């Protein structure tokens, strides 16, 4: 027996899929992918922190980091959207240089290509309290959006 409703069902499903699937792409174009950018400036006592890095712990558990520039700014791309915890790591570059020199001295297996100099910091080092180095306990939090600005003032 002929059932006109049964034959038109696949056509109806196909038309619905053709109408709904582009909406997913349109949503992606309007709201963007599930990743965003985060940038800002890090200061401590009103002075820019120029040595170190900003570390971001995203809600999904991924970790990203970005170096600090000469004016204390940082820029992270591809950070999962949503709540994020941040940390600021800044180690004394003079101690790093000393440690590097001490490691090179006793080694007789290094070639000329292996012996490189640790680059000098781009600005004056400002000590950052250790509590800010771990994103889990620093107390620095923000929400990552498509493009978010988050200036960090450490005290």
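Points to keep in mind about this one:
- Pick from region 71-97, criterion more than 12 Å from residue 42 (Cβ to Cβ) and outside any strand (DSSP E or B), ranking: modelled with the highest pLDDT: 81
- When 6, 41 are screened for being under 19 Å from the mean Cα position of the chain (by Cα) and at pLDDT 55 or above, only 41 passes.
The values are calculated or read from the model by the stated rules, or taken from the named source; none is laboratory data. The shown structure was predicted, so the numbers you read here are calculated from the model rather than taken from an experiment. We place every Cβ from the backbone using ideal geometry, glycine too, and count neighbours over all the protein chains shown.
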